[in-house]
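For reference, the structure discussed in these notes is given below.
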Amino acid sequence: MFDTASLLIFAGANFVVLITPGPAVLYTLSRTIDQGRNAGLLSVYGLALGTLPHALAVAFGVAGILASSILAFSVLKYLGAAYLIYLGISRLRRKKVAPVTNTGRLKVGKAAFIESFVVGVLNPKAVLFFLAFLPQFIDPSRGNPVIQTLALWFLSQVMAVVVGSVYALAASWFHRLFFKSGGQSRKGDYLAGSIYIGLGLAAALSGSRWK
């Protein structure tokens, strides 16, 4: 479906984007430091899966409509920004840290995945990124463009999960500093909440560039 040279160029360019610290990396780091390794890893999976609607939009031509519509782009952008700010305020306002139990870990992990998925879906800049990046590697003579687009998306998100997981595993060391010997601390809440709010404000005030 793809020639080796094009695939290598795609993978290399995508890798450079992924390892460059940006909103997704900051979000993953703050989530991990706040809630631990499992929550950080699940947030990586949620962010990756949240880009699927954007890849489908590119594959079926809907992304062009979004990219050309200032209103549609703005609505998604401000919804995403508002959601990040909401997550940040909720974290800062949390007064009691729940005891660390297996049930608590499951709830935290589930929330981390769902919230991260929503963050990914509400990121219109991902549409613009995929719209600008993926078509450069699509060759209709080599097969169905829709399948090619989704295949490239899948490859890019497998790489995103690998890179994001490395960041999450590294950040888990800082989480252990905040939660020594299973103890509780609000430092993670303050850090994560501040970063979420900062990312939300940055998203609201930014232009059309992503990552």
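The values are calculated or read from the model by the stated rules, or taken from the named source; none is laboratory data. From a predicted model like this one, the values you see are computed outputs, not experimental measurements. All Cβ positions, glycine included, derive from the backbone under ideal geometry; neighbour counts span all protein chains shown.
Starting from region 1-12, take each residue that is under 15 Å from V158 (Cβ atoms) and list its partners that are in a helix (DSSP H, G or I), counting only C-beta distances under 6 angstrom and pairs at least six apart or across chains.
F10/F137
Go through region 38-54 and report how many residues are among the aliphatic types (A, V, I, L, M) and under 14 Å from L169 (Cβ atoms).
Residues in region 38-54 being among the aliphatic types (A, V, I, L, M) and under 14 Å from L169 (Cβ atoms): 4 in total.
One residue is enough: does region 84-92 have a residue meeting the conditions farther than 21 Å from A168 by Cα, of a type outside the set (V, I, T), modelled with pLDDT of 90 or more and over 13 Å from the mean Cα position of the chain (by Cα)?
In the first step, residues of region 84-92 are kept if they are farther than 21 Å from A168 by Cα; the result is 85-86, 89-90, 92.
Applying the additional criterion that residues be of a type outside the set (V, I, T) yields 86, 90, 92.
Applying the additional criterion that residues be modelled with pLDDT of 90 or more yields 86.
Narrowing the set further to residues that are over 13 Å from the mean Cα position of the chain (by Cα) leaves 86.
Yes: one or more hits.
Do we have S116 as buried (at least 20 other Cβ atoms within 10 Å of the Cβ) and either farther than 27 Å from S6 by Cα or of a type in the set (G, A, S) (or both) here? Talk me through it step by step, then tell me what you get.
Details: buried (at least 20 other Cβ atoms within 10 Å of the Cβ): yes; either farther than 27 Å from S6 by Cα or of a type in the set (G, A, S) (or both): yes.
Judged against the criteria, S116 is a match.
V62 versus (1) under 16 Å from G200 (Cβ atoms); (2) modelled with pLDDT under 90: which is the lone unmet condition?
Of the numbered conditions (1) under 16 Å from G200 (Cβ atoms); (2) modelled with pLDDT under 90, the odd one out for V62 is (1).
For the condition closer than 23 Å to L52 by Cα, modelled with pLDDT of 85 or more and within 16 Å of the chain's Cα centre (by Cα), what is the one hit in F137, F117?
F117
Say we look at region 140-154 and pick out the residues that are out of contact with any helix residue (DSSP H, G or I) (no Cβ under 7 Å at 6 or more places or on another chain) and among the aliphatic types (A, V, I, L, M); which of these is farthest from L52 (Cα to Cα)?
Result: I147.
Being of a type outside the set (A, V, I, L, M), crowded, with 17+ Cβ neighbours inside 10 Å and within 20 Å of F117 (Cα to Cα) is the filter here; which residues of region 1-32 pass it? Please lay out each step first, then the result.
Residues of region 1-32 of a type outside the set (A, V, I, L, M): 2-4, 6, 10, 12, 14-15, 20-23, 27-28, 30-32.
Subset that is crowded, with 17+ Cβ neighbours inside 10 Å: 2, 10, 14, 23, 27-28, 30-32.
Within region 1-32, P23, Y27, T28, S30, R31, T32 qualify.
Applying the selection to region 98-114, what residues are assigned to a helix (DSSP H, G or I) and either at pLDDT 80 or above or not basic (K, R) (or both)?
Passing the criteria: N102, T103, G104, L106, K107, V108, G109, K110, A111, A112, F113, I114.
What number of residues in region 5-57 are outside any helix (DSSP H, G or I) and either over 19 Å from I138 (Cα atoms) or at pLDDT below 90 (or both)? Break it down stepwise before answering.
To start, the set of residues in region 5-57 that are outside any helix (DSSP H, G or I) comprises 20-22, 36, 51.
So of that shortlist, the ones also either over 19 Å from I138 (Cα atoms) or at pLDDT below 90 (or both) come out as 20-22, 36.
Counting residues in region 5-57 that are outside any helix (DSSP H, G or I) and either over 19 Å from I138 (Cα atoms) or at pLDDT below 90 (or both) gives 4.
For region 33-56, check the following and say yes or no: at least one residue is in contact with a helix residue (DSSP H, G or I) (Cβ under 9 Å, 6 or more places away or on another chain), surrounded by fewer than 21 Cβ atoms within 10 Å (Cβ to Cβ), over 20 Å from V163 (Cβ atoms) and of a type in the set (A, V, I, L, M).
Looking for residues that are in contact with a helix residue (DSSP H, G or I) (Cβ under 9 Å, 6 or more places away or on another chain), surrounded by fewer than 21 Cβ atoms within 10 Å (Cβ to Cβ), over 20 Å from V163 (Cβ atoms) and of a type in the set (A, V, I, L, M), one finds at least one in region 33-56, hence yes.
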